């Protein structure tokens, strides 16, 4: 069921064109990495502030509040490029162990967001009232850095898996 | 006597170095982008561009050092290929320009309060230079083997 959907997806004209294009595919890949660089650092900046390692003159509320929307836009840009890369070889990616790992890590990021929404990200003003960044905020930041760094590495390793035989590319 | 580069004999070390390289440049480029976005009126508002630059300067430099050193190690595995690859040569030119721009005009634009229009121009040049370094890096693998 899922696999037949993925085969249908990868053989849609724009995605099969992307797959066979010598230059558009790397351009999308470079845009994917550019979005990661430009906006991934916003996640790092937020985490560094929560850990108390940078930007201590600015409040936690400012870092979380001001970067929220630019971060979301950046994530959408990186995810759109990622989706294009995936869709052109959807069937192959489905079997790719590193791609599966990456998806699992994204699910963990979603869990992380839900777990820390109330205590950290949803109420930064309360964190600012404490003399030092509290332990729960540091834990959230440390886990966030670990998860996103793992996603970055998993993403690099996706490209190292050899193409499979018997894929239904048209 | 020829000495084998230990990095070339191990199949596992190259991708690990690449991950370190990507993490390093993402950190340094992204930290510069925070300042550029501020100049463009995106993201931070309460702090001046100079304050943001000061807050993340060392992280930017740290990322850059990690990216350059892991890059040198990656280069050492196949120097002939890189040296003859025009995408690599363009990348190096953009990198030198980006670093020079960052520590001269960009730094001055951030510390002097320029007109908003001039600030936006500097931010766009900075972002364009750093993004071209990324494009140059990706296309090394596309135009292989390159020049002869």
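Where a number appears in this text, it was derived from the coordinates with a stated rule and is not lab data. Just so it is clear, the structure is predicted and the values come from calculations on it, not from any experiment. Every residue, glycine among them, receives a Cβ derived from its backbone with ideal geometry; neighbour counts consider all protein chains shown.
Here are some notes:
- Degrees, to the nearest 10: B:13-39 long Cα axis against longest axis of chain B: 20 degrees
- Treating r as the C-beta distance of residue A:8 and residue B:103 and R0 as 41 Å, the FRET efficiency rounds to 0.20.
- Highest-fluctuation residue, A:73, A:60, A:36 considered, GNM on chain A with Cα pairs under 10 Å: A:73
- Full extension of the segment from residue A:115 to residue A:76, taken as 0.36 nm per residue of separation minus the current Cα-Cα distance, would add 11.8 nm.
- From the largest down, the protein assembly as shown spans 59, 51, 43 angstrom on the principal axes of its Cα atoms.
- For chain B, the longest principal axis of the C-alpha atoms and the axis of helix B:86-101 are separated by about 30°.
- Helix axis angle, B:116-142 relative to chain B longest principal axis, alpha carbon, degrees: 10 degrees
- Three principal axis extents describe the C-alpha atoms of the range B:13-142; from largest down they are 46, 24, 21 Å.
- Length gained when the stretch residue B:54-residue B:14 is fully extended (0.36 nm per residue, less Cα-Cα span): 11.0 nm
- Globularity index of the range A:2-158, i.e. its alpha-carbon radius of gyration over 2.2 N^0.38 Å: 1.21
- Our helix-only sum for chain B, with -39,500 (n - 2.57) per DSSP H run of n ≥ 4 divided by its residues, gives a mean residue ellipticity at 222 nm of -25000 deg cm²/dmol.
- Residue of A:133, A:88, A:144 that the Gaussian network model of chain A assigns the largest fluctuation, springs spanning Cα pairs under 10 Å: A:133
- The distance linking the range B:44-83 with the range B:19-36 is 6 Å (Cα centroid to Cα centroid, whole angstrom).
- Between residue B:61 and residue A:146, the FRET efficiency estimated from the beta carbon spacing at R0 = 25 angstrom works out to 0.60.
- Remark: the residue B:96-residue B:80 segment gains 3.7 nm on full extension, using 0.36 nm per residue and subtracting the alpha carbon distance.
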